[in-house]
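Comments concern the structure below.
The values are calculated or read from the model by the stated rules, or taken from the named source; none is laboratory data. Everything numeric in this text was worked out from a predicted model, so none of it was measured. Cβ placement follows ideal geometry from the backbone for every residue including glycine, while neighbour counts extend to all protein chains displayed.
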Amino acid sequence: MYTRRVLSDGYEKSMDGWRKIYDDDVQGKGLKIKTQLDADKYQSVQVESGKYVSFYITATKPFLRYTNGDAFGQVYASDDSLNILQGSGIGKYPLRRNSPVFKSRIFNGSFYYE
């Protein structure tokens, strides 16, 4: 898992500028069963009020799940503290110049924040 402090749009074809925040071998528990990551192995990410942070969540095999969105960059979910925007799906690992980019995608997962 990687992060950067801007919207991902335009940064989907290179690993330059992405900071690794989690690196571990993870065995998924199966279709539609949440797989929790080891909290001791990832770096927390601080998000300043009014700022954007992007996440690149990847795997060596195409087993990550998403939902097709309908408006890239628009709010998909929100609460009083956080907006989650519709983003991109990338068709190659790792990011590279010829990576196909699929907009608009919604990550099927959850994040813990406080």
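Among residues that are touching a Phe, Trp or Tyr at 6+ places or on another chain (Cβ under 7 Å) and either closer than 23 Å to VAL101 by Cβ or of a type outside the set (A, V, I, L, M) (or both), GLY50 is not included.
In the condition set (1) closer than 14 Å to TYR2 by Cβ; (2) surrounded by fewer than 10 Cβ atoms within 10 Å (Cβ to Cβ), ASP38 is compliant with all but (1). Taken over the range 22-68, the criterion of being part of a loop (DSSP other than H, G, I, E, B) and in contact with a strand residue (DSSP E or B) (Cβ under 9 Å, 6 or more places away or on another chain) is satisfied by ASP23, ASP24, LEU37, ASP38, GLN43, VAL45, TYR52, VAL53, ILE57, THR58, LEU64, ARG65.
Looking only at the range 69-100, residues that are surrounded by 14 or more Cβ atoms within 10 Å (Cβ to Cβ), in a loop (DSSP other than H, G, I, E, B) and either modelled with pLDDT of 90 or more or among the aliphatic types (A, V, I, L, M) (or both) come to 6 in all.
Which one is farthest from PRO62 (Cα to Cα), of the residues in the range 101-114 that are part of a loop (DSSP other than H, G, I, E, B) and among the hydroxyl-bearing types (Ser, Thr, Tyr)? Full working, then the answer.
Initially, the range 101-114 is screened for residues part of a loop (DSSP other than H, G, I, E, B), giving 108-114.
Checking the rest, the ones that are also among the hydroxyl-bearing types (Ser, Thr, Tyr) come to 110, 112-113.
Working: SER110: 19, TYR112: 24, TYR113: 27 Å.
Ranking the qualifying residues of the range 101-114, first place goes to TYR113.
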